[in-house]
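Participant: Take this structure, written in structure tokens, and hold onto it; I'll ask about it next.
The values are calculated or read from the model by the stated rules, or taken from the named source; none is laboratory data. Since the structure is predicted, the reported quantities are computational estimates derived from the model, not experimental observations. Don't worry about glycine lacking a Cβ; one is built from the backbone with ideal geometry, like all the others, and counts go over all protein chains shown.
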Amino acid sequence: MQDSFTPTNARKHFFDIVKQVSSEHKPVTVQSKDENQDVVIVNKHDWDAMQEALYLSATGTLAEVQKREADNSGWTDIDSIDWEKL
């Protein structure tokens, strides 16, 4: 199925668009004559993930996680742990 529809075609194929977006996790654009009125239909799970990423970025949490991932000094080699002594 296509990635972009006119509003009229989107209305005609709405159920198929919903199925496609849900199963393929690919957004679909509905383009109007005025591009300020264009919309994008996305999977709810994908939307939630984007919102979470934006929140983590806005609060500085994402940068802190990336900083810690780049710093290997605090990591413990899991193979070096003596599990019997824990």
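Participant: Does Arg11 fit the bill of being at pLDDT below 95 and in a helix (DSSP H, G or I)?
Facilitator: It is false that Arg11 is at pLDDT below 95 and in a helix (DSSP H, G or I).
Participant: Examine segment 42-63 for a residue that is under 30 Å from Lys12 (Cα atoms) and either touching a residue at least 24 places away in the same chain (Cβ under 8 Å) or not in a helix (DSSP H, G or I) (or both), and state whether such a residue exists.
Facilitator: yes
Participant: What's the total number of residues in segment 42-86 that are under 30 Å from Val18 (Cβ atoms) and aromatic (Phe, Trp, Tyr)?
Facilitator: Of the residues in segment 42-86, 2 are under 30 Å from Val18 (Cβ atoms) and aromatic (Phe, Trp, Tyr).
Participant: Among the candidates Lys67, Lys33, Lys19, which residue alone is exposed (fewer than 12 other Cβ atoms within 10 Å of the Cβ), part of a helix (DSSP H, G or I) and of a type in the set (Lys, Arg)?
Facilitator: Lys67
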